[in-house]
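Remarks on the structure that follows.
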Ligand SMILES: C[S@@+](CC[C@H](N)C(=O)[O-])C[C@H]1O[C@@H](n2cnc3c(N)ncnc32)[C@H](O)[C@@H]1O
């Protein structure tokens, strides 16, 4: 795959909605403001918006105060709603923060939860909350609390029947093969416990793998030690889970806050059409390098020597 040159100025947005989508899918990551591009997408054309937006008040590239975060995010959410297909989803990876000022100083700021409520009020159906658990979270000084070892991933759907393929994300059963074979022959089938819980012991082991549950353990990657790389990369494993479960083969996946291009790399690897938008030119260049190489991650969880 060749590396497309990035023009010196942000490219103009085509007038024709299908040309807008075609450009995003062609470029992999397009240099532009998703606040301007998303409303131009064809209606009901996107199967999955998967993104890790700038978190409140956190990075040099985003200085959005947590008190104003919902107000900032809503126009993007509105445009994504219009562009999502009837079975389409919006999946947002986001992290809480401790308020630095104001009456909540020193407490967890509730902006993440306020965002969920606002999206639900807008019409996005809140399907599930996933926890991205980081087995290699970095220790530090966080006041009267432990280190941050997880982030939220919220799944919203446009309609009542979002695309969802549990089989695509099943994990190996924990029990032994002998036990699996024995259980498959269990003629008693569903058994109810005294407490009233029923367990279907017959069909559980006929799916080729276990339901992974909504806590996803993926090590954080540390791409910032690799040249000009993005400082807030999302590990490929996280994107992979949601792309596989929540977009059909050949479907359209868009990341409106594309950063280093992880979503596009992973979605294309799994046979989806993928593109994204990124405001900062240097990240667009970096994303295109990674897309061309088909590789977004550094070695998971390893800091470079001397760091
Ligand atoms: C948390 S980072 C995304 C990291 C990405 N998931 C990755 O793996 O590299 C958020 C990105 O959104 C970009 N961004 C912020 N506002 C934007 C906007 N209005 N349009 C496009 N990109 C934007 C920032 O420049 C930043 O690179």
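Residues checked against (1) over 17 Å from the mean Cα position of the chain (by Cα); (2) surrounded by 15 or more Cβ atoms within 10 Å (Cβ to Cβ); (3) within 16 Å of the ligand (Cβ to nearest atom); (4) outside any loop (DSSP other than H, G, I, E, B):
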site: 86; (1), (2), (3), (4): yes, no, no, yes
site: 112; (1), (2), (3), (4): no, yes, yes, yes
site: 119; (1), (2), (3), (4): no, yes, no, yes
site: 132; (1), (2), (3), (4): no, yes, yes, yes
*Taking the stated definitions as given, is residue 156 within 26 Å of residue 233 (Cα to Cα), part of a loop (DSSP other than H, G, I, E, B) and either in contact with a helix residue (DSSP H, G or I) (Cβ under 7 Å, 6 or more places away or on another chain) or at pLDDT 95 or above (or both)?*
no
*Look at the stretch 88-103 and say how many of its residues are part of a strand (DSSP E or B) and over 19 Å from residue 248 (Cα atoms).*
4
*Is there any pair linking a residue in the stretch 263-284 that is touching a residue at least 24 places away in the same chain (Cβ under 8 Å) and more than 9 Å from residue 253 (Cα to Cα) to one that is within 7 Å of the ligand (Cβ to nearest atom) and not in a loop (DSSP other than H, G, I, E, B), with Cβ under 7 Å and at least six apart or on different chains, and which?*
277/34; 284/278
*asked:* at pLDDT 95 or above, farther than 13 Å from residue 91 by Cα and over 11 Å from the mean Cα position of the chain (by Cα): is that true of residue 228 in this structure?
replied: no
*For the stretch 28-84, how many residues meet the condition of being in contact (Cβ under 8 Å) with a residue 12 or more places away in the chain and assigned to a strand (DSSP E or B)?*
10
*Which listed residue, of 36, 24, is within 13 Å of the ligand (Cβ to nearest atom), modelled with pLDDT of 95 or more and exposed (fewer than 14 other Cβ atoms within 10 Å of the Cβ)*: 36
*So which residues in the stretch 236-257 are within 16 Å of the ligand (Cβ to nearest atom) and part of a strand (DSSP E or B)?*
253, 254, 255
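The values are calculated or read from the model by the stated rules, or taken from the named source; none is laboratory data. Just so it is clear, the structure is predicted and the values come from calculations on it, not from any experiment. So basically every Cβ, Gly included, is an ideal-geometry build from the backbone, and we count neighbours across all protein chains shown.
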